[in-house]
Amino acid sequence: MYTQALDIPEPRQQAGEAVSTIAEGCDLPRQAQFDTKIDSDRKIEPQDWMPDAYRRTLLRQISQHAHSEIVGMVPEGNWISRAPSLKRKAILLAKVQDEGGHGLYLYSAAETLGTGRDSMLAALHSGKAKYSSIFNYPTLTWADVGTIGWLVDGAAIMNQVPICRCSYGPYARAMIRICKEESFHQRQGFDNLLTMMKGTSAQREMVQDAVNRWWWPVLAMFGPPDTDSPNSALGMRWGIKRISNDDLRQKFVDATVPQAKILGVTLPDAELKWNDARGHYDYGPIDWDEFWAVVNGNGPCNRERLATRVKAHADGQWVRDAALAHADRKRAREMKEAA
Ligand code: FAQ
């Protein structure tokens, strides 16, 4: 359903050409080397020189991405003990564990930029750092679990496949495995909903209700319109972002409409219509006031999500303490044996 191919044409030059990345007082020879690497699509690795602004942009995006993965465990985690069958429970458990794993790969990638995990987590727990708006919406019924898989993971794949070609090596490599796992997540969600749509009318209504609630927040998840996206120009110039927020959103709509037809659900947008001239589906206006309210901490579940995350971190302190104590003892034993 979603391509894993890494050869999507890049609109990088369109957004990037006019953007200067050279800061005042910068190291010109090393900046020139860096620019040449970016322009020839070679990877920047942790030991390479990079402009401070490139490092900061990557750290911002990768740490936000990592936070989204681990906060994203919470809405679905609520349903593990209430899954309708052993099979669905095993699938959901595996999926939620995968999201935790994605967080770990991404924190590791971010750490290669010189910032420790503790300070990234402190920024999340204090409410300073962002995570994806989408995880601040409630999961009211089992159909929400399927809908998250179908739509949220579907949107995540659309956004993340191009990041497999990101200019920063550790982020690009982490994304390859993450995208493979997200494909499985998307398919299990679609399969879950398809099963419900073949069930009773109450199940079909549950699916339609979940799709009605998730559709618009999922479209907003791709980020503000290109005209209001302050980070896009440099992100595109540096090959961190490969496809713009609006283009990804359009690709997602175009891919999802036929899937909705197969499922037999209606997407809640009276303006959704194929446009022959554009070769794309037109869709109605997104409520950006709602999006910014959620991003700024005032969505339906922001406080609950953050409180759950902070509690999970505090509850896990003894595990981290035990692991460190074990490592210390092992090191001391090894040194004694070597002496
Ligand atoms: N939520 O200038 P732009 C997943 C912020 S993982 C909250 O366009 P940029 C897996 C943005 O940070 C989902 N904030 O920014 C899963 C910026 O604020 P800042 C996460 C948002 O970076 C599935 C400001 O608005 N995916 O779903 C959002 O160029 C199921 C202006 O925006 C990633 O993180 C938003 N939706 O583009 C897990 C992918 N959108 O930092 C569990 C990597 C924008 O200046 C279950 N990230 N903002 O204070 C990206 O591709 C980009 O960072 C974008 C934003 C596209 C998210």
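We did not get these values from a lab; they are worked out from the coordinates using the rules stated. Please read these numbers as outputs of a predicted model, since none were measured by experiment. A quick note on method: Cβ atoms are made from the backbone with ideal geometry, for glycine too, and the neighbour counts reach across all protein chains shown.
Listed by position, the helices (runs of 4 or more DSSP H) contained in the stretch 70-130 that have at least 3 residues being more than 19 Å from A156 (Cα to Cα) are 86-111, 117-125.
Taking I148 and the conditions (1) part of a helix (DSSP H, G or I); (2) surrounded by fewer than 22 Cβ atoms within 10 Å (Cβ to Cβ); (3) of a type in the set (A, V, I, L, M, F, W, C), which numbered condition does it fall short on, given that it satisfies the others? Condition not satisfied by I148: (2). Considering the stretch 169-187, and only residues there that are under 17 Å from G154 (Cβ atoms) and away from the ligand (no atom under 11 Å from the Cβ), the residue that is surrounded by the fewest Cβ atoms within 10 Å (Cβ to Cβ) turns out to be K180. Taking the stated definitions as given, is F252 in contact (Cβ under 8 Å) with a residue 40 or more places away in the chain and either assigned to a helix (DSSP H, G or I) or farther than 30 Å from D41 by Cβ (or both)? Considered against the rule, which asks whether it is in contact (Cβ under 8 Å) with a residue 40 or more places away in the chain and either assigned to a helix (DSSP H, G or I) or farther than 30 Å from D41 by Cβ (or both), F252 comes out as yes.
On inspection, E111 fails the criterion of being out of contact with any strand residue (DSSP E or B) (no Cβ under 7 Å at 6 or more places or on another chain) and touching a residue at least 12 places away in the same chain (Cβ under 8 Å). For the stretch 69-88, the tally of residues that are near the ligand (Cβ under 9 Å from one of its atoms) and more than 12 Å from G100 (Cβ to Cβ) stands at 1. If the condition is being closer than 30 Å to K198 by Cα, over 17 Å from the mean Cα position of the chain (by Cα) and not hydroxyl-bearing (S, T, Y), then the stretch 110-144 contributes P138, L140, W142, A143, D144. Scanning the stretch 125-138 for residues that are more than 7 Å from the ligand (Cβ to nearest atom), touching a residue at least 60 places away in the same chain (Cβ under 8 Å) and out of contact with any Gly (no Cβ under 9 Å at 6 or more places or on another chain) returns H125, A129, P138.
So, G235, is that one near the ligand (Cβ under 10 Å from one of its atoms) and closer than 28 Å to Y54 by Cβ or not?
yes
Screening the stretch 203-232 for residues that are without any contact (Cβ under 8 Å) to a residue 24 or more places away in the chain and hydroxyl-bearing (S, T, Y) and picking the one that is farthest from the ligand (Cβ to nearest atom) gives T227.
Going by what's in this entry, would R55 be described as surrounded by 13 or more Cβ atoms within 10 Å (Cβ to Cβ), in contact (Cβ under 8 Å) with a residue 40 or more places away in the chain and not polar (S, T, N, Q)?
yes
For the stretch 48-59, the count of residues that are over 28 Å from T200 (Cα atoms), of a type in the set (F, W, Y) and within 14 Å of the ligand (Cβ to nearest atom) is nonzero.
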